[in-house]
Amino acid sequence: MKKIILSLLLFAGGFAYAQNDFMLTEQLFSRINKNPAATGNTDDINIFYMNRQQWVGFDGAPTTNLLNIHSSFENINSGFGLTFSHDRPGGVTNGRNINAKLEYAYHINMRNHMLLSFGLSAGIINTYFNPSRWEFNNEDHVVPGYEEAVGETKFDMDLGAEFSMKYVMAGVACTHLTGTKYSDLETQNDIARHVYAYVRGNIPLPKEFDLAPAFMYSNCKYMNCYEFNIAAFYKKLYWLGAGYRINANTFNAMIGAQWRMFRIGYSYDLSCGKLADFKRSTHEIMVSVNLNKPGANKDKTKTKYVRFM
């Protein structure tokens with residue numbers, strides 16, 4: 001029981017002041033929910049779904065579901081899409097965040113296989129937090145001194161830029177532009193602004209292999225997260241990868257394959273350090289479908305988009 005209470009206190013400290021964006025190990029495969037500039041970076045209609053089960057084995061652990069849909073419209077140099085996510089923070093019996101946004105990106109074709117894009121998304125974010133009850137071992141426990149449940153729906157907007165070419169891709173973004181400044185955060189339902197930056201390489205190797213190292217950075221005022229990972233691709237259809245998230249003290253491994261229009265991936269996160277027993281392991285499954293648009297360019301050697309792994 002003491003171990004559970006200690007875990008609760010440690011966990012609550014990380015969520016006491018505001019809602020923070022969820023982190024995904026396979027985020028670079030579809031980025032529009034974090035960076036609208038990635039919208040339409042494909043000749044096809046891309047449908048991407050991801051489910052993340054965090055800290056498996058712990059009652060009330062966080063769960064995240066994400067759906068991204070987007071495509072390009074070359075006649076107007078633009079990409080359009082939508083993203084929807086449902087995130088349930090850990091430990092809260094009835095807590096959840098819902099985020100739905102329309103995505104737009106304007107593409108600047110610098111040359112073949114070189115694209116600069118700027119993106120904007122707008123929608124709503126709905127938060128619900130019930131601090132009065134926490135569920136452990138199928139029992140409700142009242143936390144003294146907390147107010148009743150609070151729910152709120154707010155306008156949400158993101159802004160970003162992304163550059164991609166044959167051997168490198170990089171992007172920067174700011175989510176929740178209309179959110180609360182970190183210094184002014186007061187409640188769990190306040191939405192804090194986040195800043196993201198990432199870069200991913202593509203290094204061709206012999207025997208149809210490619211190596212894709214990546215670095216990702218996120219910031220929410222005083223909270224910084226750094227992640228490094230590397231993946232090996234064979235024929236750009238099968239991959240194995242590994243990574244490390246520094247501030248979260250988490251190792252991850254990923255595996256995946258593509259067959260025709262379908263792509264499926266799995267990742268496993270393993271926490272280490274002092275809270276390893278509390279955090280347990282995390283599983284993430286992604287499924288992606290690429291649908292050809294009628295009249296779209298079928299010659300992939302001439303496309304302006306790089307299917308960046």
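The table below gives the values:
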{"read-out": "Largest-first ordering by accessible area, 1.4 Å probe, given options TYR268, TYR217, TYR198", "value": "TYR268, TYR217, TYR198"}
{"read-out": "ASN126 versus THR178: modelled label distance in nm, points set 7 Å from Cα along the beta carbon direction", "value": "1.6"}
{"read-out": "Estimated inter-spin distance, ILE98 and PHE228, nm [label 7 Å along Cα→Cβ]", "value": "4.1"}
{"read-out": "Added length on full extension, which subtracts the Cα-Cα distance from 0.36 nm per residue, LEU159 to ASN219", "value": "20.1 nm"}
{"read-out": "Above-threshold pairs, the threshold being 22 Å between Cα atoms, out of LYS34/LYS101; LYS207/LYS293; LYS34/LYS236", "value": "LYS207/LYS293; LYS34/LYS236"}
{"read-out": "Residue-level accessible surface for LEU211, protein heavy atoms, 1.4 Å, Å²", "value": "50"}
{"read-out": "Extension gain from LEU237 to MET114, taking 0.36 nm per residue of separation minus the Cα-Cα distance", "value": "42.1 nm"}
{"read-out": "Where labels lie 7 Å past Cα in the beta-carbon direction, separation of PHE84 and LYS207 in nm", "value": "4.4"}
{"read-out": "Summed side-chain charge close to ALA253 - residues other than ALA253 whose Cβ falls under 13 Å, Lys, Arg +1, Asp, Glu -1", "value": "-2"}
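The values are calculated or read from the model by the stated rules, or taken from the named source; none is laboratory data. Quick caveat: nothing in here was measured; it's all calculated off a predicted structure. Using ideal geometry, Cβ is built from the backbone for each residue, glycine included, and neighbour counts are taken over all protein chains shown. Calculation scope for accessible area: heavy atoms of the full protein, side chains included, ligands and nucleic acids excluded. Shrake-Rupley method; radii C 1.70, N 1.55, O 1.52, S 1.80 Å.
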